[in-house]
1. So, in the range B:238-278, exactly how many residues are in contact (Cβ under 8 Å) with a residue 60 or more places away in the chain, within 17 Å of the chain's Cα centre (by Cα), more than 14 Å from residue B:36 (Cα to Cα) and part of a loop (DSSP other than H, G, I, E, B)?
2. Among the residues of the range A:196-203, are any touching a Leu at 6+ places or on another chain (Cβ under 6 Å) and under 28 Å from residue A:8 (Cα atoms)?
3. Considering each of A:32, A:8 in turn, give the residue that is surrounded by fewer than 18 Cβ atoms within 10 Å (Cβ to Cβ), of a type in the set (Val, Ile, Thr), more than 14 Å from every other protein chain (Cβ to nearest Cβ) and not in a loop (DSSP other than H, G, I, E, B).
4. Of all residues in the range A:35-50, how many are surrounded by 19 or more Cβ atoms within 10 Å (Cβ to Cβ) and either acidic (Asp, Glu) or more than 14 Å from every other protein chain (Cβ to nearest Cβ) (or both)?
5. When you scan the range A:120-140, how many residues do you find that are surrounded by fewer than 18 Cβ atoms within 10 Å (Cβ to Cβ) and part of a helix (DSSP H, G or I)?
6. Check residue A:53 against each of (1) more than 19 Å from residue A:212 (Cα to Cα); (2) in contact (Cβ under 8 Å) with a residue 12 or more places away in the chain; (3) within 12 Å of chain B (Cβ to nearest Cβ) and name the one condition it does not meet.
7. If you go through the range A:62-79 one residue at a time, how many are surrounded by 14 or more Cβ atoms within 10 Å (Cβ to Cβ), within 14 Å of chain B (Cβ to nearest Cβ) and either β-branched (Val, Ile, Thr) or in contact with a strand residue (DSSP E or B) (Cβ under 9 Å, 6 or more places away or on another chain) (or both)?
8. List the helices (runs of 4 or more DSSP H) that sit entirely inside the range B:1-105 and contain at least 3 residues that are within 14 Å of chain A (Cβ to nearest Cβ).
Amino acid sequence: MINFEQVVKSYPGGYTALAGVSFEIRHGELVVLSGHSGAGKSTLLKMIAAIERPSSGSVKINGQDISHLKPTAIPYLRRSLGLVLQESRLLFDRSVAENVMLPLVITGHPPRDAAKRVVAALERVGLGGRDREMPAGLSGGEQQRVAIARAIVNRPSILIADEPTAHLDSAYADEIAKLFKSFNEAGVTVLVSTHDDKLFAEYRPSRLVLGKGLLIGAAAS
Amino acid sequence: MNWLNVHARAFAQAVTRLASQPLGTLLSAMVVGIALSLPAAGFVLLENVATLARGVSGTPEISLFLEQGAGVDDVGEITRRLQQEAAVASFRHVSREEALLQLERGGLGDVLGGLGSNPLPDAFVVTPRGESPELYERLHALFSNWPAVEHVQLDSAWVQRLHALLGLGKSAVLLLAGLLGFALVIVTFNTIRLQILTLRHEIDVSRLLGATDPFIRRPFYWFGSLQGALGGLVALATVWLSVEALGPPAASLAATYGAVFSLSGPGLHEALAIIAFAAFLGWLGSAISVRRHLAERLV
């Protein structure tokens, strides 16, 4: 489903974020990507969403090489993914419902169907009935849940999360981890990066460990 | 239908942005409107001057003077030829007797009486179909070659002067419109640049969620076009108010020359053209700005 082959990412100035990484993630897997800060986790996740392009090597999703995807094709790739970033990246001048609806507006969903999906997504993340609230009135954990609802509202087959619990206390972090596990059980391929090795331990995920741009550990569930 | 939906959504988004900053919208519309009102007023003024000039000077005519010895047959031949000429709107024959009578009535009876015989020739006064200097030149050449025609008097100097003046005026108005239109494009360019900076976070997030460039650009295009159109409406209102204010004194001035004149504002077609032109310039400014500022990948 997701296939990295000898992927190198280096930047002008000589810094190398990934120095030849290869791995494969199968459909329906729950994969935890770990490593210290600067190990290359975010760069790797950004490549799957075509936010970054490899300097060499190839990145394939469902068999399609996205390393040299045309700029006009990138939005359509991103629509097939659910993306959760370290910061919630919500629009604070829009309500919770409007934030969650944004991917559906972008894809031109009929408003009635979109509204139903938003309600369902918010209930899925435990925020049912709070659709009219503004994000500023929510806690950090709740804001991250809104971001997760926004990521799943388009029913993606792949969910990618870059340290979604980085700014949350352990109780909130456990709830978020549980949510990702529930999505995985529903058939979604989940790739989540974290620097907390214990966070997903009880779900026995597959693991990828990065260090200084290299894959230094891998274990299947 | 989907195409209509996405534009309806982008239009609604642009209207929301305009409405969310009423003072800024008003000020931008005023800047655009006042800039556009100058060439618009110039155009209206030129149209009114052209109308006034036609009214004061009457319809230009060409006079054909026949040879002294021209007879009834010659007059008949000229009449026949004038009737067949498509470029002639109307004509009248002034016989040598009638011309003499007119001069006598004008107070020259004593002078003419001393001559013994009537020195005046038969003449035709021709009104051409049209006012272009080229037409007058062509008819002049044609009539000069007709038999029994001694002299053709072309009273087109004033027509040429009028056309030259109006042409100069039109060029000046076009130049002014070009310069101020460029200013309008710059104003819109800057407004959209500031909007893109303000909405940078929303644009970033939308791109992460799969928004295409056209999806992001459309509301800005509509915003620029709407701002331009609002400016066009302000320009029209300015011109109309000016016409209302200057109309009575202009009519009074014309009355002192014995002319009836009323200053008129732009008609429906001109008004629509001004609004469409302003909207186009707004769109152009936003298109350049969006192209320039969204070209930088934000995520």
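1. Counting residues in the range B:238-278 that are in contact (Cβ under 8 Å) with a residue 60 or more places away in the chain, within 17 Å of the chain's Cα centre (by Cα), more than 14 Å from residue B:36 (Cα to Cα) and part of a loop (DSSP other than H, G, I, E, B) gives 3.
2. So far as the range A:196-203 goes, no, none of its residues is touching a Leu at 6+ places or on another chain (Cβ under 6 Å) and under 28 Å from residue A:8 (Cα atoms).
3. Values: A:32 fails: surrounded by fewer than 18 Cβ atoms within 10 Å (Cβ to Cβ).
The conditions single out A:8.
4. Initial filter on the range A:35-50 (surrounded by 19 or more Cβ atoms within 10 Å (Cβ to Cβ)): A:35, A:39-50.
Next, only the ones that are either acidic (Asp, Glu) or more than 14 Å from every other protein chain (Cβ to nearest Cβ) (or both) stay: A:35, A:39-41, A:44.
Within the range A:35-50, residues that are surrounded by 19 or more Cβ atoms within 10 Å (Cβ to Cβ) and either acidic (Asp, Glu) or more than 14 Å from every other protein chain (Cβ to nearest Cβ) (or both) number 5.
5. Summing the residues that are surrounded by fewer than 18 Cβ atoms within 10 Å (Cβ to Cβ) and part of a helix (DSSP H, G or I) in the range A:120-140 gives 5.
6. (1)
7. Final tally of qualifying residues: 3.
8. Working: elements: B:2-20, B:22-57, B:72-84, B:96-103.
Filter on the range B:1-105 gives B:2-20.
Each reported figure results from applying straightforward, stated rules to the coordinates on display, with no laboratory input. This structure is a prediction, so every number in the text was calculated from the model and none was measured. Please note: Cβ atoms are built from the backbone with ideal geometry, for glycine as well, and neighbour counts cover all protein chains shown.
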